[in-house]
Amino acid sequence: MRIYLTGFMGSGKSTIGKILAEKLGAPFIDLDQEIEHKANKSITSIFEQQGETSFRDLEKSTLELFLMDPFVMATGGGTFIHNRDWMLNHGTVIYLDLPFEKLVTRVGADPKRPLWSNSRKLYDARIEHYRQAHHLVDASEDPEKIADKIKNLIYQGS
Ligand code: S3P
């Protein structure tokens, strides 16, 4: 089984993904890290030097590299928005749902997140897309509990 975690910046995709992967005995992949590795530069530098369109191309080609099974992947906040059908067809997409106000308290003013300055508008525009994931999970709980919930969803389909 391939599991893609999606959700806005700060929703806990990487933290929860690592815990979930361990619980499932599956490899964990952090897509942003893989992109940085492939480009040999940080996400911030890619945005600054090449722009968002170039980042999205790189994000797509990196995403599509992972076809082994199983894995748990923490994707970037925009990955599902830009690759929705592909992701829905290649694995199970879990949306980590958190209200904008809670994300703000978690992320604060993070200079390492190039799109954060536009976050309110982005959140409002993305929310309906995120809701097209296979499963929606409340991400306000403890990461361990959330990982258990996802594991149950996957095994029981409920
Ligand atoms: C982005 C989120 C970031 C990263 C890039 C673009 C987005 O990942 O992929 O800065 O479009 O929301 P995180 O969600 O892990 O911060």
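The values are calculated or read from the model by the stated rules, or taken from the named source; none is laboratory data. These numbers were taken from a predicted model, which means no experiment stands behind them. Heavy atoms of the whole protein, side chains included, go into the accessibility calculation; ligands, DNA and RNA do not. Shrake-Rupley method; radii C 1.70, N 1.55, O 1.52, S 1.80 Å.
Provide the descending list of Cα extents for segment 2-156 along its principal axes, expressed in whole angstroms.
Computed over segment 2-156, the largest-to-smallest principal extents equal 44, 35, 24 Å.
Accessible area per residue, 1.4 Å probe, Å², for the chain: what's the number?
Working: 7940 Å² over 158 residues.
Per-residue value: 50 Å².
With the full set of protein chains in place, find how many percent of the accessible area of segment 2-156 is carbon and sulfur; take the probe as 1.4 Å. Write down the numbers at each step before the final one.
Working: 3680 of 7710 Å².
It is 48 percent, rounded to a whole number.
Given the options Glu128, Glu59, Glu36, state which has the largest fluctuation in a GNM of the chain using a 10 Å cut-off (strictly under) for Cα springs.
So, out of Glu128, Glu59, Glu36, the one fluctuating most is Glu128.
I'd like the Karplus ³J(HN,Hα) series for segment 143-155: coefficients 6.51, -1.76, 1.60, θ = phi - 60°, whole numbers in Hz, and an x wherever there's a Gly or Pro.
Coupling constants for segment 143-155: x, 4, 5, 5, 4, 4, 4, 5, 4, 5, 4, 5, 7 Hz.
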